[in-house]
1. For the stretch 51-66, name all the residues that are open to solvent by less than 70 Å² (accessible area, probe 1.4 Å), in contact with a Leu (Cβ under 8 Å, 6 or more places away or on another chain) and in a helix (DSSP H, G or I).
2. Would you pick out the residues in the stretch 131-152 that are open to solvent by 20 Å² or more (accessible area, probe 1.4 Å) and under 16 Å from the mean Cα position of the chain (by Cα)?
3. What's the number of the only condition in (1) closer than 27 Å to VAL29 by Cβ; (2) hydroxyl-bearing (Ser, Thr, Tyr); (3) at pLDDT below 90 that SER168 fails to meet?
4. Condition (residue is at pLDDT below 95, β-branched (Val, Ile, Thr), open to solvent by 80 Å² or more (accessible area, probe 1.4 Å) and out of contact with any helix residue (DSSP H, G or I) (no Cβ under 7 Å at 6 or more places or on another chain)) applied to the stretch 21-33: is it met by at least one residue?
5. Kindly indicate which of ASN83, ASN37 is within 16 Å of ALA146 (Cα to Cα), polar (S, T, N, Q), within 14 Å of the chain's Cα centre (by Cα) and open to solvent by 70 Å² or more (accessible area, probe 1.4 Å).
6. For GLY106, are the conditions met, namely being touching a Pro at 6+ places or on another chain (Cβ under 8 Å) and modelled with pLDDT under 95?
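The values are calculated or read from the model by the stated rules, or taken from the named source; none is laboratory data. Note that the structure is a prediction, hence the values are computed from the model and not measured. Neighbour counts run over all protein chains shown; Cβ positions are idealised from the backbone, glycine included. Just the protein is used for accessible areas: all its heavy atoms, side chains included, with ligands, DNA and RNA removed. Shrake-Rupley method; radii C 1.70, N 1.55, O 1.52, S 1.80 Å.
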Amino acid sequence: MGSMLILLVIVGLAIVVAMWGVGIYNGLVTARNAFKNAFAQIDVQLQRRFDLIPNLVETAKGYLSHERQTLEAVVAARGAAINGLQAAAANPGDPAAMAELAQTQGALNGALGRLLAVVEAYPDLKASQNMMQLTEELTSTENRVAFARQAYNDAAMAYNNRREVFPSSIVAGMFRFEPAALLEIAADRAEVREAPKVQF
């Protein structure tokens, strides 16, 4: 009778430990899915931004025919940024993919900044109804991207915290829950944020 009681206690403890492990595993999966969903929102907003850029370039083309290099730089940066987004969307949170996305988005931000600085020098273009609408939509989209990026970074940090704290770190290590990289775009830093100088 005593050995049966010991066996029941051991089985009961094994069930409790298994349920505890399942709870931690499910929490990690939930946190991982949350940051991947948050990244999907970045994807949506960046796609919206990418769709605006050809219209912006096309509108500026007529006025900026001798600024062809600036327009081509924006188009090239857009192409690189799309590739960076596709790589990151294939594996959200992967440090290499997130670094590539941050680098390509920073380059696109710089190219767009140079284009908008050039637009400032052309009052007719700046006053054009199309250009005003496009720059307003671009500004709105940039704000949405910033909010989506903040939500992603918050979700990724919550996931990273969950996978690093004890005892979750044991389960995370056993099931290879990799850390999620944050998305920090270089153009957000103060030294890059300065408007480019345009001289004629």
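1. LEU52, ILE53, LEU56, VAL57, THR59, ALA60
2. GLU142, ASN143, ARG144, ALA146, PHE147, ARG149, GLN150, ALA151
3. The single condition SER168 does not satisfy is (3).
4. Scanning the stretch 21-33 turns up no residue that is at pLDDT below 95, β-branched (Val, Ile, Thr), open to solvent by 80 Å² or more (accessible area, probe 1.4 Å) and out of contact with any helix residue (DSSP H, G or I) (no Cβ under 7 Å at 6 or more places or on another chain).
5. Numbers: ASN83 fails: within 16 Å of ALA146 (Cα to Cα).
On inspection, the qualifying residue turns out to be ASN37.
6. It is false that GLY106 is touching a Pro at 6+ places or on another chain (Cβ under 8 Å) and modelled with pLDDT under 95.
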